[in-house]
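Worksheet for the structure shown next.
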Amino acid sequence: MTHTAGHKRLVLLVLVVMGCLAVFALARWMAAQPHVELSWDHAADGHGAIAPPSAAELEATLNAHVVALLGTDGRPVPWPVDAAADSLRWVTSDDTRRQTAAAWAAANAALAHGEVVFDLEGGQQVTARAVPRGYAHLGLGFWLLASYALVLWLVGGLVVLLRPQWRNGVYLVMALAQSAQLAAAAVAAVPALAPPGPMADWGVTLSTSMELITCAALLHAAAVYPRALPGHRLFVATGWLATLAWLMLTLAGVLPHAWWWTQGLVLVMGAAALALLTRTLHQEPHPFVFVMRRIGLLLWATMVLLVLTVALRQNTQGDPLPLIQATDLVWNVFTASVILLVPFLAHSGRLMREVPIVVGTTALAVLANLAFVAVFGLGPLTAMVAALLLAVTTYAAIAQWLLHHAAASRAAATERMFAQLYSVAREVETRPERAGLRMTELLEHVFEPLEARATTAHGKRSQLSSNGAVLLVPMPGLLAGGDEGAMLALRGADRGRRLFSPGDTRLADRIVEQLMRAVAQDRAVERGRSEERMRIAQDLHDDIGARLLTLLYKAPSREMENYVRHTLQDLKTLTRGLAAQSQPLELAAAEWKRDLTDRASLAGCALNWTSTFDREVTLTTVEWSSLTRIVRELVSNVIAHAKASQAHIYLRLEEGQLFISCTDDGQGKDPSTWSRGLGVGGIRKRVRLLGGEVQWREHTPQGIVCDVYIPRLAGCIAPPP
């Protein structure tokens, strides 16, 4: 492991050195390029203009329009409007691109010759001497964009080093493409008469190819992350083949209307990636996919507006090309920023919440700036100030709304959580075996995960897994099997819309702690109850039992002897039930059968007993005590009141439901007219205690039928998953 880590650090160091050398090589190359000591501006009507020059003899040419420049052969080369642009990325006409490329080529040749001669409006000529630019004239924009490209290069390499997977390879492709985009933007940010030779020839091809490579990689990632979609190979192959075909046709120079094909391909692949992300959310919601779809939609909408603005620029007042180029730079920086933040978004729930808001408000500012200039005809400064005010106001409103919404949601969720925690604790007191199931339900209610299941992981504290996509919660002794170190895995908080946070781990630990306190308290109370029952049973057996036994031997008559004997039998059953730690239903039924059959036979009543059970069930003390008294009272009523000669007890347990039926052939009539005595009232009370129902009805040809229904016994509750 140490050997591998050492290799990774070495590779990272190599990447840092390579990136720094590339930046300084680019800076050295740009510093060596010749340039004229004139400030170049872009006039309001779109023509190139000479702003305040540095040479005093040229002051008369202030803001004069450039018509042409003389080539090295002395012939004038027309200087088109778009030659003042930083690149040809947003020039739609193929003819204009060729004319601008020819003007740039002539300008670069003149710069290399040492001087540039401008033809101005009115027939004037101006000669400017070309000198090496030097590092001082590169400008702050160059260094910022070049440094940003270096950071993106290093982050892409670091992600692959930490997790060498095919998916991260796709991320590396996006990072490298956007790093190249930023490097090209850094070159374009340097004020110059024309882009340097290679950038003048291949700059637009480099920029658009990097955009298409990024789109193809995004389409690739959307098709395979977090899980590969059905038919993903078709989408991946289509995206890369379309990019390769575009590049080959462009390099061959046989692609007509290249700008329109490029924009169409970019928008189609972006829309396809958004569609795949939406499809992924329908199949398996994931917080990272939610956020990326929102950010991708904002970037795609910004690109659509850029394309529409450029396509309709001939119908606007003035020429919005400088604004479009600035917007394009902002869009490129934002795209690179989103790609740079992707690894951190996957690890931070806070970034997942904040980044979409920032990206959305910034995109709003860009779109509003374009609309104010291109549609409403506002000046650049006025449009920028209005767009910034709109964006700041929107951000403040959204942030405030989210703050109140989140606070209200947290308060409501906390109130519901405490109410449910109290309910769970109360239920655990009566049914400790349901603690695991109820705990799982409570955690699902609080965090609303996509899935909650037992896992093989072990731990004593809650912890995050899979970069926050999974929360592991300890369930000491609550899950099936009673493993003290078992954990419950919750995947995808809020139905997959967000990652779990450290605050969620603390909340889960507190919930588990409170419930375990309730369980521990219940177990302590139950131990106290058990000890107290043992003491009472022992006292009854030693004291009351001994006295009844003495009375049995001194009974003055046969009837008294039988009565005392039955009382001793009842006392024996009662003390055994109080002292027993567990009460299996089958053993309890066998004891009821033996005791009640003997009692009925002494009274001259034949008792038939039938019992069927579809599973083994252990009764709680409360259930055993209540059922014992119910069946005894039923038989006592048959003997004492119905004067029956025959009775039948039918006991059935099916799917956790207990049915008891007592049928006799006695003198009972119309149960609706019965008075509510202690016997019938006691049966009703004990049946209600068990959550059941009881009903008496007449039996044909004579007698009464009593039906008791208990919908659920504690021992029949399914264990937690």
Output the number of residues of the stretch 700-714 satisfying the condition of being surrounded by fewer than 20 Cβ atoms within 10 Å (Cβ to Cβ) and either among the charged types (D, E, K, R) or modelled with pLDDT under 85 (or both). 5
Matching residues, the stretch 655-695, being closer than 21 Å to Thr610 by Cα and surrounded by 18 or more Cβ atoms within 10 Å (Cβ to Cβ): Leu658, Ile660, Cys662, Thr663, Asp664, Asp665, Gly666, Ile683, Val687, Gly692, Val694
Every pair of residues 6+ apart whose Cβ atoms lie under 9 Å, when the first sits in the stretch 481-499 and is surrounded by fewer than 15 Cβ atoms within 10 Å (Cβ to Cβ) while the second is of a type in the set (A, V, I, L, M, F, W, C) and at pLDDT 75 or above: Gly481/Ala454; Gly485/Ala457; Arg495/Leu450
Please work out if Asp73 is modelled with pLDDT under 80 and either outside any loop (DSSP other than H, G, I, E, B) or on the phi > 0 side of the Ramachandran plot (or both). no
Subset of the stretch 122-139 that is under 57 Å from the mean Cα position of the chain (by Cα) and not aliphatic (A, V, I, L, M) - its residue that is nearest to Leu111 (Cα to Cα): Pro132
Selection from the stretch 597-634 of residues that are modelled with pLDDT of 85 or more and either in contact with a helix residue (DSSP H, G or I) (Cβ under 6 Å, 6 or more places away or on another chain) or part of a strand (DSSP E or B) (or both): Cys605, Ala606, Leu607, Asn608, Trp609, Thr610, Ser611, Thr612, Phe613, Ile630, Val631, Glu633
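Answer with yes or no whether Arg227 is part of a helix (DSSP H, G or I), more than 18 Å from Val266 (Cα to Cα) and either assigned by TED's automatic domain parsing to the domain that holds Glu284 or not hydroxyl-bearing (Ser, Thr, Tyr) (or both). Steps first, please.
Values: part of a helix (DSSP H, G or I): no; more than 18 Å from Val266 (Cα to Cα): yes; either assigned by TED's automatic domain parsing to the domain that holds Glu284 or not hydroxyl-bearing (Ser, Thr, Tyr) (or both): yes.
Considered against the rule, which asks whether it is part of a helix (DSSP H, G or I), more than 18 Å from Val266 (Cα to Cα) and either assigned by TED's automatic domain parsing to the domain that holds Glu284 or not hydroxyl-bearing (Ser, Thr, Tyr) (or both), Arg227 comes out as no.
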Just one of (1) closer than 28 Å to Pro711 by Cα; (2) out of contact with any His (no Cβ under 7 Å at 6 or more places or on another chain); (3) surrounded by fewer than 16 Cβ atoms within 10 Å (Cβ to Cβ); (4) at pLDDT 80 or above trips up Ser645, so point out which. (1)
Report whether or not Ser87 is surrounded by fewer than 16 Cβ atoms within 10 Å (Cβ to Cβ) and either in a helix (DSSP H, G or I) or assigned by TED's automatic domain parsing to the domain that holds Val77 (or both). no
Which number in (1) modelled with pLDDT under 85; (2) in contact with a helix residue (DSSP H, G or I) (Cβ under 8 Å, 6 or more places away or on another chain) marks the one condition that Asn63 misses? (2)
Tyr650 passes all but one of (1) part of a strand (DSSP E or B); (2) in contact with a helix residue (DSSP H, G or I) (Cβ under 8 Å, 6 or more places away or on another chain); (3) within 16 Å of Val708 (Cβ to Cβ); which number fails? (2)
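If you scan the stretch 169-197, which residues turn out to be among the small types (Gly, Ala, Ser) and farther than 11 Å from Ser207 by Cβ?
First, pick out the residues of the stretch 169-197 that are among the small types (Gly, Ala, Ser): 169, 175, 177, 179-180, 183-186, 188-189, 192, 194, 197.
Within the stretch 169-197, Gly169, Ala175, Ser179, Ala186, Ala189, Ala192, Ala194, Gly197 qualify.
The values are calculated or read from the model by the stated rules, or taken from the named source; none is laboratory data. Predicted model only: the values in this text are computed from it and were never measured. Note that each Cβ is placed from the backbone with ideal geometry, even for glycine, and that neighbours are counted across all protein chains shown.
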